[in-house]
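Quick notes on the structure that follows.
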Amino acid sequence: MDISWWQILLLTLYAGYQILDELEINSSAGSAVFAGFITGVIMGDVKAGLLIGGSMQLTILGVGTFGGASRIDANSGTVLATAFSVAIGMKPEQAIAAIAVPVASLMIQTDILARFANTYFAHRIDKNIEDFNYSAINRNFLLGNLPWALSRMLPVFLALAFGGGLVTRVVNYLNTDLKWLGDGLAVAGAILPAVGFAILLRYLPVKKHFPYLVLGFTLTALLSTIFTNVQTLGTGLQGVAKGFTGAFNSLPMLAIALIGFGLAAISYKNSLANNNRPSGPSQDSSSANNDEGEIEDDEL
């Protein structure tokens, strides 16, 4: 399957939009999982797009652009990995390790180039502020989006338009003479989300809230097992009893998400109650102790 010109056009336009959404609009359309979904829709394989996009999203869970630092462009890597995976029949796990991660890392350079190019418009805005030229401020602000968009659009367009043959040859080589390397890349692509979780746990206050971590792990294991077994049982009953029409849906993550939402709401209400509690001394010394000299509960 070749990548059509209209698919290249749409993916190139989305590549430019996703960075602008991430910087200014913040509608979540500039996330890796959304990039996988959009690319999957355009290429005709949403499942592969969500698998690659979700894996890349998990990989960068704990990675941020603190202090203006550049990070790997998981979105562009997802777009190219999904497009080539669907076009040439490459395994999604191989596409993650062989295309998505290397491309995402290389795109750091174009991100830095965009930041340098954007300083031209920033200096023009400084001059416009001194001249009180407000229309020029707005114009240069909008023009400053061009370097950001082009830093993603040009590499994605060039890769999609001219890189298909090269990628096909590389994939065929990985699946024949270098099959051991291709299998290794597939394994590496499958464990990359664990790296993202490890980075995230490194920065989260795990020691302070370790009971929630233990509870979340336990609930995930229990509910996943229960839902899977119930669904398997329902499928077996349908095969044995012809009149059995019950539907058993596997929704463990929905149940886990609802439980997590409930725990988060309880924790939030408790924190509000603690913040609203008066921090000053007791109204009088007689209220500190009761008649028997015992300490009141609110003083513990």
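The values are calculated or read from the model by the stated rules, or taken from the named source; none is laboratory data. What you see is a predicted model, and the numbers here were worked out from it, not measured in a lab. Glycine gets a Cβ as well: all are built from the backbone with ideal geometry, and neighbour counts include every protein chain shown.
Among the residues making up region 31-59, a single one is hydroxyl-bearing (Ser, Thr, Tyr) and over 15 Å from Val103 (Cβ atoms): Ser31. Checking each residue in region 1-16 for being within 15 Å of Asp45 (Cα to Cα) and either modelled with pLDDT of 90 or more or in a loop (DSSP other than H, G, I, E, B) (or both) picks out Met1, Asp2, Ile3, Ser4, Leu11. Taking residues in region 203-215 that are of a type in the set (Val, Ile, Thr), and partners anywhere that are not in a helix (DSSP H, G or I), not one pair has Cβ atoms closer than 7 Å while being at least 6 places apart or on different chains.
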